[in-house]
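Visitor: My structure is below; once you've seen it, I'll send some questions.
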Amino acid sequence: MYKKYKNKNISILNYFSVLLCTVICISCSKKEYSYFPLNSGLKWHYNVSLTTRDGLERQKYILHNIGTDELNGETVFLRKSLDGKVLYYSISDDGIYYLGSLDSRAISSKFYADKRLVIPKPFTIDTKWEQITYTKLLKKTGPPQRTEYKIIAEVPLELKIESLEDTVIVPAGKFNKCMRIKMTGSAYKEAGNYVGLTLVNVVQTNWYSPGVGLVKMERLETTQSDALDKGTLSIELVNFESG
């Protein structure tokens, strides 16, 4: 049976927060949670490459584990991003969950709940679960549009652990015995005059290294329309600071 979880991605960097799920060892097996470390002091530096019909955009992204707190009586683990968002995670009997976020730079900080499973427990090859995602890479400006044109489609995803033995090479180095999680899904979307009804496909692959966490992610969003055919997102680890 599949598990179902809803995932409303608010921004491209929110996609990122889930992919970067990785290491906790509190009343848990080190092996099970080393793929998503949450202990305080860890820091990740990433290169982000975003390609849309407008071209290639490069960004830097940093995540920093900043300790624990309480949310609704539950111990939660906090991870702060470069843009000021504080991301909340929890550990339960069935896995590690992303709970939501708040903007620490806002005058009135509000917690935005968005619970979703990051890595299940226990996990084996072919473990599957389900989530909902929203496209963010299908966009363009310029003719025939006068302003930015986007296709934001709700797409159900099937997530599957495909391997625990991958070797991944990124700017931070070579990582062995990585967990590979692949996400695939599609949905029809009425996208307006220039595109009309089109099938939207999403394919995303995350690689997690034991003791480090997310080392690489690739995401591809496509449609059947030549007017707005695809967008890609690539994230690679540049440096990992263990404190």
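Visitor: Limited to region 55-86, what total is found for residues that are over 30 Å from LEU228 (Cβ atoms) and either of a type outside the set (Gly, Ala, Ser) or out of contact with any strand residue (DSSP E or B) (no Cβ under 7 Å at 6 or more places or on another chain) (or both)? Explain how you work it out, then say what you get.
Guide: Of region 55-86, the ones over 30 Å from LEU228 (Cβ atoms) are 62-80, 84, 86.
Those left that are additionally either of a type outside the set (Gly, Ala, Ser) or out of contact with any strand residue (DSSP E or B) (no Cβ under 7 Å at 6 or more places or on another chain) (or both): 62-66, 68-80, 86.
So the count comes out to 19.
Visitor: Out of all the residues in region 171-202, which are under 23 Å from PRO37 (Cβ atoms) and surrounded by fewer than 20 Cβ atoms within 10 Å (Cβ to Cβ)? Don't jump to the end; show me each part of the working.
Guide: Taking region 171-202 first, the residues under 23 Å from PRO37 (Cβ atoms) are 171-183.
Selection gives PRO171, GLY173, LYS174, ASN176, LYS177, ARG180, LYS182.
Visitor: Kindly evaluate ASP83 against the criterion of being touching a helix residue (DSSP H, G or I) at 6+ places or on another chain (Cβ under 9 Å) and acidic (Asp, Glu). Please lay out each step first, then the result.
Guide: On the way: touching a helix residue (DSSP H, G or I) at 6+ places or on another chain (Cβ under 9 Å): yes; acidic (Asp, Glu): yes.
Judged against the criteria, ASP83 is a match.
Visitor: Where the second residue is modelled with pLDDT of 95 or more and surrounded by fewer than 21 Cβ atoms within 10 Å (Cβ to Cβ) and the first is more than 30 Å from LEU137 (Cα to Cα) and among the hydrophobic types (A, V, I, L, M, F, W, C) and lies in region 29-54, which pairs have Cβ atoms under 9 Å and are six or more apart or on separate chains?
Guide: Final answer for the pair search is none.
Visitor: Next question. What do you reckon, is VAL212 closer than 21 Å to LEU50 by Cα and either modelled with pLDDT of 95 or more or of a type in the set (Gly, Ala, Ser) (or both)? Give the derivation first.
Guide: Working: closer than 21 Å to LEU50 by Cα: no; either modelled with pLDDT of 95 or more or of a type in the set (Gly, Ala, Ser) (or both): yes.
Judged against the criteria, VAL212 is not a match.
Visitor: Moving to a separate point now. Restricting to region 91-135, and then to whatever is touching a Pro at 6+ places or on another chain (Cβ under 9 Å) and free of Cβ contacts under 8 Å to residues at least 40 places away in the same chain, can you tell me which residue is nearest to PHE77 (Cα to Cα)?
Guide: Within region 91-135, the match that is nearest to PHE77 (Cα to Cα) is GLY95.
Visitor: Restricting region 98-120 to residues that are in a strand (DSSP E or B) and hydroxyl-bearing (Ser, Thr, Tyr), which is nearest to TYR35 (Cα to Cα)?
Guide: So, considering only residues that are in a strand (DSSP E or B) and hydroxyl-bearing (Ser, Thr, Tyr), the one nearest to TYR35 (Cα to Cα) is TYR98.
Visitor: Looking only at region 56-97, which residues are at positive phi and either surrounded by 14 or more Cβ atoms within 10 Å (Cβ to Cβ) or part of a strand (DSSP E or B) (or both)?
Guide: Step one: filter region 56-97 for residues at positive phi, giving 67, 72-73, 84, 95.
Passing the criteria: GLY67, GLY95.
Visitor: When the residues of region 203-242 are filtered to those that are in a strand (DSSP E or B) and among the small types (Gly, Ala, Ser), which remaining residue is surrounded by the fewest Cβ atoms within 10 Å (Cβ to Cβ)?
Guide: For region 203-242, the residue satisfying everything is SER234.
Visitor: Every residue in region 78-108 that is of a type in the set (Ser, Thr, Tyr) and within 14 Å of the chain's Cα centre (by Cα), please. Before the answer, list the steps.
Guide: Of the residues in region 78-108, the ones of a type in the set (Ser, Thr, Tyr) are 81, 88-90, 92, 97-98, 101, 104, 108.
Across region 78-108, the qualifying residues are SER81, TYR88, TYR89, TYR97, TYR98, SER101.
Visitor: If you go through region 171-178 one residue at a time, do you hit one that is over 19 Å from the mean Cα position of the chain (by Cα), among the aromatic types (Phe, Trp, Tyr), closer than 29 Å to VAL238 by Cβ and modelled with pLDDT of 95 or more?
Guide: Yes, the conditions are met somewhere in region 171-178.
Visitor: Does region 131-170 hold any residues that are among the hydroxyl-bearing types (Ser, Thr, Tyr), more than 17 Å from the chain's Cα centre (by Cα) and either at pLDDT 90 or above or surrounded by fewer than 17 Cβ atoms within 10 Å (Cβ to Cβ) (or both), and which are they?
Guide: Result: THR141, THR147, SER163, THR167.
Visitor: Next question. Would you confirm whether any residue within region 41-52 is of a type in the set (A, V, I, L, M, F, W, C), modelled with pLDDT of 95 or more, within 17 Å of VAL212 (Cα to Cα) and under 21 Å from the mean Cα position of the chain (by Cα)?
Guide: Going through region 41-52, the residues of a type in the set (A, V, I, L, M, F, W, C) turn out to be 42, 44, 48, 50.
Next, only the ones that are modelled with pLDDT of 95 or more stay: 42, 44, 48, 50.
Checking the rest, the ones that are also within 17 Å of VAL212 (Cα to Cα) come to 42, 44.
Narrowing further to those that are under 21 Å from the mean Cα position of the chain (by Cα): 42, 44.
Checked against the condition, which is being of a type in the set (A, V, I, L, M, F, W, C), modelled with pLDDT of 95 or more, within 17 Å of VAL212 (Cα to Cα) and under 21 Å from the mean Cα position of the chain (by Cα), region 41-52 yields at least one hit.
The values are calculated or read from the model by the stated rules, or taken from the named source; none is laboratory data. All values reported here derive from a predicted model rather than from experimental measurement. Here the Cβ is made from the backbone with ideal geometry for all residues, glycine too, and neighbour counts use every protein chain on show.
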